[in-house]
Amino acid sequence: MFFFQIRMNAGSADKPSNDARRTPKRVVTVIYDFLIIGGGIAGASAAYTLAAHGSVLLLEAENTTAYHATGRSAALFTRNYGGPIVRQVNAASADFFHTPPTGFCETPLLTPRGSLTVSAPEDAGALDGLLAMSEAGEEVLRVDPQDACAMIPFLRPDRVGDAVYEANVADIDVAALHLSYLKGATARGAIVYTKQAVVALTLIGDVWNVSTATETYMVAKIINAAGAWADQIGKMAGAFPIGLVPKQRTAIIISGPEGIDCASLPAVDFASSGAYMKPDAGKLLASPGDATPMEPCDAWSDDMEIAVFADWIMRETTLEITKIEHSWAGLRSFVPDEAPVVGWDPHIAGFFWLAGQGGYGIMMAPALAILTAELCTQPVDAGMTPLAKALSPHRLMPRQTGGGA
């Protein structure tokens, strides 16, 4: 049996109450080896791997972990998604998803789904790149448009010019993955506190003082896994920004065609527009694939954008939308090269970045958590792998001497 060490603190998750500002902070005198800021998939997975190497404290600003991007994700696992570096990380995560550590979870993390990508007749050659970049051993095949319409009965034959099917794409049980990471972390001794928004970071000697509205914690190393807020946390530590840009993505739930078992359908991507759909609890989850830059926030769907997208669905498919069952939005955060940022800050001692995971964070989590533990527990001057070098924050910051772990 697992026991969660999660404490709920009174007051706002975003800023201290007036009473809290007048009340002296309690200083927690235990010096933790690692303090992780952020309770989404990045922070939870890092807590799991790091708890095998030292004492871990995870602080989450919201009332519950996974409130933002992680809790709003309906992820698929595919090795063919994202740029070259992202695909490399996805491939490195595959074994974990297919064969999790003994006792890690009670149910499989992946469920076979398959994915069909279609392009419009006017976009000839749009899918050539997908076929060319597919990873060795992946079943990625061009299919006849007629066969594509048989696979997805609500496609309009006159709107399908080309199609590619990926057999190995699978649904990720995001909730089970995140919960299993937290359970595993706490079983290894990690402590998780919610409603503890970090308001100040101060390095005194070689110990960080991490302040919230009510507490000050002392830690040796900070892991910045704050998602869309990672650059704000970096600023508190005195770090240069990594150029993180949160981008909103919208999703809706709609009913599928009458008489069709949606659960048996593959996911479908519309290459010409970036929109996609996938089965979800007997209905269809659909997204226009939007990526609207905005400041870090609690993202909400826009009614006008949803209306425009619903109209697009009814023009591009045979689906008739009479009701939006549910709608929401989440933030996917990117740095300029759209690869994740994992590694020690080059200028600030004891400050580690685990950020910029864009829309790939769920499927990359196992590999990035393992890499985080390796980098946080090896000597600072140890040689890095080519992948670690490619993900390092050094690539995004001005060069100057000093810093590191």
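Of the residues making up segment 374-383, those that are open to solvent by 10 Å² or more (accessible area, probe 1.4 Å) and of a type outside the set (D, E) are L375, T377, Q378, P379, V380, A382, G383. Residues that are farther than 18 Å from P241 by Cα and of a type in the set (G, A, S) were ranked within segment 296-351; the one that is surrounded by the fewest Cβ atoms within 10 Å (Cβ to Cβ) is A307.
So which helices (runs of 4 or more DSSP H) stay within segment 288-405 end to end and still have 3 or more residues that are not hydrophobic (A, V, I, L, M, F, W, C)?
Values: elements: 303-316, 361-377, 386-391.
Passing ranges, in order: 303-316, 361-377.
Filtering segment 358-373 for residues that are buried (at least 21 other Cβ atoms within 10 Å of the Cβ), touching a Pro at 6+ places or on another chain (Cβ under 8 Å), without any contact (Cβ under 8 Å) to a residue 60 or more places away in the chain and more than 29 Å from A299 (Cα to Cα) leaves an empty set.
Among the residues of segment 70-91, how many are assigned to a helix (DSSP H, G or I) and open to solvent by 60 Å² or more (accessible area, probe 1.4 Å)?
Residues flagged as assigned to a helix (DSSP H, G or I) and open to solvent by 60 Å² or more (accessible area, probe 1.4 Å) within segment 70-91 amount to 2.
Here A94 qualifies as under 24 Å from V342 (Cα atoms), open to solvent by less than 20 Å² (accessible area, probe 1.4 Å) and either of a type in the set (A, V, I, L, M) or at pLDDT below 90 (or both). Under the condition of being assigned to a helix (DSSP H, G or I), over 12 Å from T372 (Cα atoms) and modelled with pLDDT of 50 or more, the residues counted in segment 7-43 number 1.
Tally the residues that are farther than 21 Å from Y193 by Cβ and either among the basic types (K, R) or touching a strand residue (DSSP E or B) at 6+ places or on another chain (Cβ under 7 Å) (or both), restricting the search to segment 235-258. Give the derivation first.
In the first step, residues of segment 235-258 are kept if they are farther than 21 Å from Y193 by Cβ; the result is 235, 238-258.
Adding the requirement that they be either among the basic types (K, R) or touching a strand residue (DSSP E or B) at 6+ places or on another chain (Cβ under 7 Å) (or both) leaves 235, 239, 242, 244-256.
The total comes to 16.
Scanning segment 254-263 for residues that are surrounded by fewer than 18 Cβ atoms within 10 Å (Cβ to Cβ) and touching a residue at least 12 places away in the same chain (Cβ under 8 Å) returns S255, P257, I260, A263.
The values are calculated or read from the model by the stated rules, or taken from the named source; none is laboratory data. Only a predicted model underlies this, so the values are computations on that prediction, with no experimental measurement involved. Neighbour counts run over all protein chains shown; Cβ positions are idealised from the backbone, glycine included. The protein model used for the area step is the full one, side chains on, heavy atoms only, and it has no ligands, DNA or RNA in it. Shrake-Rupley method; radii C 1.70, N 1.55, O 1.52, S 1.80 Å.
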